[in-house]
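K.L.:
One structure, pasted below without further comment.
The values are calculated or read from the model by the stated rules, or taken from the named source; none is laboratory data. Quick caveat: nothing in here was measured; it's all calculated off a predicted structure. Positions of Cβ are backbone-derived with ideal geometry, glycine not excepted, and every protein chain shown enters the neighbour counts. Accessible surface areas use protein heavy atoms only, side chains included; no ligands, DNA or RNA. Shrake-Rupley method; radii C 1.70, N 1.55, O 1.52, S 1.80 Å.
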Amino acid sequence: MSARLRETATELAEVLWREHAVYRDRAGVVVIRGDHVRRWISLSTGAGRDEVLVRAGRILDGGTTAPARCEAVARLSGGTAELAAVCRRLLSETAPGPSAPAPVRRGGRPGRTGRHTGLGSWAVVVCVVGLVGSYLYLTAR
C-alpha cells in the first residue's frame, strides 16, 4: 500500500504543480510540497483499503509547515483526476489570509503619500544658505 501511495502522490504532484517535492515523513505519510505556492498536501492510508486521508495546509515564512487546515477522505480507485479535484478543493480552502502582516506606515498624517522634506533637512538647507551668504558677503568687501 505504501508503494502505491507514493506512486499516486508522484502522479498527483505532477498534475497539481510544476514545481514540487514528494517525500515521506517520520509517520509514513507521503507529503507533496509546493514551495512556490506556499502549500502542502499529505496522503495517508484511510479507514478502508481503497481510501486515503488527504490533508492540506500552508507553508509559513521560513519554510515550516502549519498544521493542516482541512482534510477529506478520497478513493484511490477514482484515479488521479478525482484525487486532484479533491486536492484542489482543499487547497482553495487553505488560501485565505495573508502570511505576513501589512507593512506599518511610520510618521506623517494618515492618507498622505509621497516624499516630503523633514525638519532636519530644512536645518541643513538653512545652514548651507547661511554659509554661502557669509562667504559672498566677505568676498564682496
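K.L.:
Counting just the residues of the range 94-124 that are in a helix (DSSP H, G or I) and open to solvent by 70 Å² or more (accessible area, probe 1.4 Å), which one comes out modelled with the highest pLDDT? It would help to see each step written out before you state the result.
P.N.:
Within the range 94-124, the first condition is being in a helix (DSSP H, G or I), and the residues that meet it are 94, 119-124.
Retained after the next criterion (residues that are open to solvent by 70 Å² or more (accessible area, probe 1.4 Å)): 119, 122, 124.
Values: 119: 84, 122: 88, 124: 91.
Among those residues, the one meeting the criterion is 124.
K.L.:
Could I ask something else about it? So which of 4, 55, 75, 26 ends up being over 21 Å from residue 94 (Cβ atoms), touching an Asp or Glu at 6+ places or on another chain (Cβ under 9 Å) and of a type in the set (Lys, Arg)?
P.N.:
Values: 4 fails: touching an Asp or Glu at 6+ places or on another chain (Cβ under 9 Å); 55 fails: over 21 Å from residue 94 (Cβ atoms); 26 fails: touching an Asp or Glu at 6+ places or on another chain (Cβ under 9 Å).
Selected residue: 75, the only one of 4, 55, 75, 26 that is over 21 Å from residue 94 (Cβ atoms), touching an Asp or Glu at 6+ places or on another chain (Cβ under 9 Å) and of a type in the set (Lys, Arg).
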